[in-house]
DNA sequence: GCTAGGACCTCCCGCGACGGCGGGTTCAAG
DNA sequence: CTTGAACCCGCCGTCGCGGGAGGTCCTAGC
């Protein structure tokens, strides 16, 4: 039976165990004997499995013997919707991976630590931006190109690290190097926040607040240094 | 730590259990205490997870602290390839589902039993045609349209059932109804076999042979009746 | 009748990435 | 000193089987 149907013995036994397809007969010694009816049912099961339907759903739709054509259509339609959602997610992942790889290969990032920081920023982004907001970003990404947004994350990490050094060295707020860095910072932010709703800005704000207050170590950089950095930023802007 | 990083407590403990991310410190009472180093590592783990990388691969690539940028690129490239293959499979499934649904909705199939038979044929096809051969069929499908091929499976099932009745009633081979059915049968086959290599034809042949000889009940119809049907077909063709 | 070896049986553990429960301990606020 | 929240550990469950141990059965050849 297993050979003829293209399944394995183990799978047949599994279907028997969960009650999806129990052979109608057994020999005196306990061997499973599949009738013609069982064979047809097995083909139906395998076909639905190959369409990605779960065994539980197969069981319920095959148990509903009241014609069952409507139930079957509903099941397949739902399956199709699920697949389409899944395909969209896969697509998004694929773009993200391509962006990252493009960035590595364009040799714009010789420093492994820098790359790790980019990875960390990805996680921070995904934690604090809801799906909706990320869809807004995705639309923007379509305009900017997927590599651009990855590069932006890197640039941000870069800016943070440089500015942190200036905070530590207490560089005066009028220093043109600092003012240039802050200008880049603001330009970077406006590329992503301009045109977005208030909620996206709020999420960005929450990102800072949670990270500096919650337990003080949620960002890749220490929270107290980030607080200092934010205050320093404001001083530079007011001085400009 | 869980709240701030967007993970769950259970996930953190899981990472600890498998040795992927064990907190550097513990309090005297045994509570996990995560250092700044741990936090950064967690962000890296979460980012790679969100890219679909398995925990095992993450562990190996993060353990390789020798710069690791090349290992990282290899990992992400492999991940991307896997995703692309997966996307192609999802695409194929989606088309198949759309074909089936289109067939149901076009009301060309009012009989639930008929639809179940179509399901069974799907399984038979997938068992006996190798991937390569199915790719050939897929190219042909592109020419014919995906709904057409589903309709063909239905038509085949229909032809088999009508011809089986004629075999049972022993309709003379000169009967025009029978000759018409056989003509449709041959036309149907030629739509799929014409232009295909010898192997595809061989697979179709194997499909019949295995099914009529192996255990005698592998097709949705009884094997002896199918044997009779095949003999009857040849007689009709010779009479034509 | 005997034996060899293949096919079958049941029972059980394993995967991957956690979720969730139960029963106990620890911690910080009031 | 209490109380409720947060933490600890250990164990079972998920989904669709794969694979192994240890035993029984069946058929072909001698």
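Quick note: the coordinates plus some simple rules give every number you see, no bench work behind them. Predicted model, so just to flag it, every value in this text is computed and none were measured. FYI the Cβ positions are ideal-geometry reconstructions off the backbone, even for glycines, and counts take in every protein chain you see.
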Completion exercise
Ranked from fewest to most other Cβ atoms within 10 Å of their own Cβ, A:31, B:14 fall in the order A:31, B:14
Problem - Fewest-first sequence of A:104, B:18 by Cβ atoms within 10 Å of each Cβ - result: B:18, A:104
Problem - Per-copy distances of the residue B:13 label point, shortest first, in nm (7 angstrom along Cα→Cβ) - result: 3.4
Practice task
Quick one: with label points 7 Å out along Cα→Cβ, list the inter-copy distances for residue B:82 in nm, shortest first?
Solution key: 2.1
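Tell me, what is a quarter of the convex hull surface for the C-alpha atoms of the stretch A:2-63, in nm² with one decimal?
Details: hull surface 16.7 nm².
Here the figure is 4.2 nm², rounded to one decimal.
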Handout entry: Simple label model, 7 Å out from Cα along Cβ direction - residue B:73 to residue A:59, nm
Key = 5.0
Completion exercise
Here the correct list, in nm and shortest first, of distances from residue B:25 to the same site in the other copies, label points 7 Å along Cα→Cβ, is 7.4
